[in-house]
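Data block below; observations after.
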Amino acid sequence: MIRLIRNISKRSLSSILILDLIISLFSTFIAYSIRLESYYVPFIYNPGYEPKSLYIYLFCSLIFIPIFFFGRVYDSILKYTDLVSLSRIIICSVIYGVILFVLLSIVKIGVPRSIALIQPIIFCFLICIIRINIVYQSINTNSKKNKNVIIYGAGIAGYQLLNSINQENEFQVKAFLDDDKDKIGKSISGLKVLSYKETENFILNNRIDCIIIAIPSLTIGQKRSIISKCESFNIDIRILPSLADLIDEKITINDIKNLNINDLIEREIVIDQNGNELKNKVILITGAGGSIGGELCKQIIIQKPKKIILLDNSEFNLYKIKEQLITILDSNSLNVDLFFSLSSINNKPLLKNLFVTHEPDYVFHAAAYKHVDMVEENIIEALLNNFFGTLNVVELTEELKIKKFTLISSDKAVRPTSIMGATKRLSEMIVQAYSDRDNSSVVYSIVRFGNVLGSSGSVINKFNKQIEDGNYVTVTDKQVTRFFMTVHESVNLILQASLMAKGGEIFHLDMGKPIKIIDLARKMIELRGMKVRDQSFPDGDIEIKITGLKPGEKLYEELLVDGSAKPSKNKNIFFGKDTSIKFDELQQLLTETEKLINLNDLNGIKEMLSQKVLLKNNKN
């Protein structure tokens, strides 16, 4: 019997049915014994009870089996038995008991009617207990957990996460941790809720590998406070996404993510819903499959525009954002037309057809080659895409008199030292030149900002991969600093800035305090519960290697040329200034650049860039 119970979740329906038949026979025996107040053995004569009483064993089996099949009790997978499955068993057992009582009242076989009350209760109880035992055996004996964990947050999200973890092999939950005094000392599913004082000894005694923070409603400040407390335990820290990142309310093990520096950067970003200016408008987004373009789509679609045209030259990226937007539409019951254009901003005929067909009201130009070292080796392609591609979009915007155009630029466009920065500065100059024209009705604007956490080119992703590989983390220079902001924050500010635009502005976003990349690397290693290996600690886990600055890379990034930024109504958005060129000068620049590209004159291109956009050869 014990062996059958332990392996039943792997067996066929016939094995489950045999087990239930055995339980039925045993329940009938117990019911008779309770009724007689002595052990009832049917093969031995019992005064006052005829041998016909053996029929009750057959009656019970013939009645419960069809009822359980009709009630879909056997549709459930045993190792996933839950409250729904148990409720089906209870309901079917009640029906079974009523039918059995009626039959024993009509058919006189010498069986007391009280058996019809006692036997179904015992039968239902044993069925439920054994199924719960099967779930327990599946969780604790059929799988080996890789990591012992504590869940921080003894709330609904923590409980849902526990249920999800119990079905997987990666973690074994040992306890909960919470700072709510009303929860401390109590238990959830048999697991104690610890206080901070108890946790350190508990971690040592139970070989805890990881703490999972399971409170999706935390603000950034609250999250930092909890992480700061948990850091002292010197173990891996993981976290569930915020509520804004979760599509539905059910928390699963797949939502667990490694803690990034994203969760620790000290910023106070003013998040706004951007009003209703985009409602019922037609929006075109280039580079819609990228980090910034995709987040623009997600935030704009919530504002109920009439249509969003998504343009990207990556089939995979376009497919990925399509799936995400459809999910958002369904989960929020939104009705927004989506058009997906798999094309390049260099394909001007197709681009023009797209503009003419859909007649956009707003254009957000996010398409660009942005990886510094890759662009450095592909100068002509970078110019064709970032410079001439932007020109194509701007010319069509001007020709069709679109209401607003916003260029998504970069801090690398300020005093550029890289080809990428230079091409982005050139794209800004196009926008400025068109904006300065007296007869232009388009509201042009430019938004500059720094590194985006978690984007395709983010150093965060690189560090995560290197830490997972377990060898070393590479940093170009000990003094390198960068500004950082989350994709969600930066895009929200981009939208706010574009709606402020009156024409010709260069907005720059306050990225907070610059962060040393080597400090970021060290912090990310330590957040995984590991130590940095260096001369002072040779037994550490991960080494930080200094590789030297790459071509075109700066030690630090700037956002404004002259530092004369003027504040806007949002403390994180500033009005900046930069030199510009007239429209006729732009035409001369385009002719000169096109000629150099046709000649494949890379040295000439670099010389031209150094003259036109102050491209520096030194690394400042």
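Laboratory data are not the source of any read-out in this text; all were calculated from the coordinates shown. Everything numeric in this text was worked out from a predicted model, so none of it was measured. Positions of Cβ are backbone-derived with ideal geometry, glycine not excepted, and every protein chain shown enters the neighbour counts.
Express in % the proportion of alpha carbon pairs of segment 90-131 at distances exceeding 15 Å.
Details: 341 of 861 pairs.
Looking at segment 90-131, the distances longer than 15 Å represent 40 percent of pairs.
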Ranked highest first by the average count of other Cβ atoms within 10 Å around their residues, in what order do 67-77, 323-333, 571-581, 364-374 fall? 364-374, 571-581, 67-77, 323-333
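Determine the gain in length on full extension of the stretch PHE537-ILE34; use 0.36 nm per residue of separation and subtract their C-alpha separation, reporting nm with one decimal. Could you put the intermediate results ahead of the total?
Details: separation 503, 0.36 × 503 = 181.08 nm, distance 7.14 nm.
Here the segment from PHE537 to ILE34 would lengthen by 173.9 nm.
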Between the modelled labels at LYS401 and ARG224 (7 Å from Cα along Cα→Cβ) the distance in nm is 4.9
Reachable lysines from LYS502, Cα under 20 Å, same-chain residues fewer than 8 places away excluded? LYS279, LYS281, LYS401, LYS403, LYS404, LYS566, LYS569, LYS571, LYS577, LYS582
Mind giving me the FRET efficiency for ASN234 and ASN439? R0 is 45 Å, r the Cβ-Cβ distance, nearest 0.05 is fine. 0.10
What is the Rg over Rh value, at two decimals, for segment 426-534, using alpha-carbon atoms and the Kirkwood definition of Rh? 1.14
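Determine the percent antiparallel among the DSSP beta bridges restricted to segment 282-581, to the nearest 5.
Around 20 percent antiparallel, to the nearest 5.
What's the extension gain from LEU602 to TYR74 if we count 0.36 nm per residue and subtract their Cα-Cα distance? Provide the component values of the computation, followed by the final result.
On the way: separation 528, 0.36 × 528 = 190.08 nm, distance 7.28 nm.
Full extension from LEU602 to TYR74 adds 182.8 nm.
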If each residue of separation counts as 0.36 nm, what is the full-extension length gain between SER87 and LEU17 once their alpha-carbon separation is subtracted? 23.4 nm
Using a simple spin-label model with points 7 Å from Cα along the Cα→Cβ vector, what separation in nm is obtained for TYR196 and LYS306? 5.5
With bins 5 Å wide starting at 0, give me the P(r) of segment 383-476 over every alpha carbon pair, in whole percents. 3, 12, 18, 18, 14, 11, 8, 6, 4, 3, 1, 0
Relative intensity, log₁₀ I(q)/I(0), of segment 282-581 from a Debye sum that treats every alpha carbon as a point, q = 0.10, 0.14, 0.16 Å⁻¹: -0.57, -1.06, -1.32
Taking N as the number of residues in segment 290-440, the ratio of its alpha carbon radius of gyration to 2.2 N^0.38 Å works out to 1.07
